Structure formats: C-alpha cells, structure tokens
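Have a look at the structure below before the remarks.
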Amino acid sequence: MKKIFIAMVLIFGLVGIVEAQVTGKATLSWDANIETDLSGYRVYQSSVPGELVAGGVVPVTLFSIATMASSVVGVPSAQVGGLSDNVTYFFAVTAFDTSGNESPLSTVVSKTISIPPGAPKNFQVVIELVFPIIP
C-alpha cells in the first residue's frame, strides 16, 4: 500500500512596503530670559562651522512667548526636525523683545545626527503543512 503525501506551502510576508525618508531631529532647551518686555526667541541652525557666529543666517524657528512650549515649567525648548544623517549641525538662540530688539547669539552648540538603520524589509514566515492521503 502506497501512501501519497500532499505538501502545501503557505508564505506569509510583508510585501509592498513604501519606505519613507527618515530624518533626524534635535531638541534644544535654554534658561528663560527674565526681561518684562520679552517677546520670544529665534533659533538658528547651520551645518557649516563658524557660520552662525559670522552672521547672516536666517533663523529656522521663531517662537513667541505666547505659543512656546516648555518641556519643564519656565524652561524654553525647541525641536528642529528634517535633519540629515551623519551631519553635524550647529545651533544658537537669541531673544527678542516687543520693540524688535534682538540679543546677541547664545553659545553655539552642536549635534551630529545619527539615525539608526531601518527595520528589515520583506520578512517572511514559511509554513509547510503535509497531509497524508490514505487510500
């Protein structure tokens, strides 16, 4: 008597995943100014060493005191996104008052963006089911 086996293979996987452009971000915080006519802060960013100190850089972010988020009460903070992997960015902040006067730059700080690798793609699980056929 012969036994015949039928094998059925099922493959489950993730197919057609659209890969999005991954960018980094930097979170900055500083001590709040105490001037009574303080209106907000300007955050400056550059990937060129010394460019912020030389001037002529347009601020990447402008915060008014009324709309500004603080990570801790009284501690201003800003998050700058869209930063590229393996690039060192330099940041500085200024304060401005209700008359439009702007303070000198803060100390320039830097951060090198390091984006971790993405998850593996097209991961699959193979299940083999074997059914004996008995005559």
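Quick notes on this one:
- Evaluation of Pro116 against (1) over 19 Å from Glu51 (Cα atoms); (2) surrounded by fewer than 12 Cβ atoms within 10 Å (Cβ to Cβ); (3) modelled with pLDDT of 90 or more (one fails), failing number: (3)
- The set of residues from the range 34-49 being closer than 11 Å to Phe91 by Cβ and part of a loop (DSSP other than H, G, I, E, B) comprises just one member, Ser47.
- Looking across the range 82-109, the residues that are free of Cβ contacts under 8 Å to residues at least 60 places away in the same chain and part of a strand (DSSP E or B) come down to Gly82, Thr88, Phe90, Ala92, Thr94, Phe96.
- Here Ala92 does not fit the description of being touching a Pro at 6+ places or on another chain (Cβ under 8 Å) and modelled with pLDDT of 85 or more.
The values are calculated or read from the model by the stated rules, or taken from the named source; none is laboratory data. Source: prediction; values computed, not measured. When we count neighbours, we look across all protein chains shown, and the Cβ atoms used for this are built from the backbone with ideal geometry, even at glycine.
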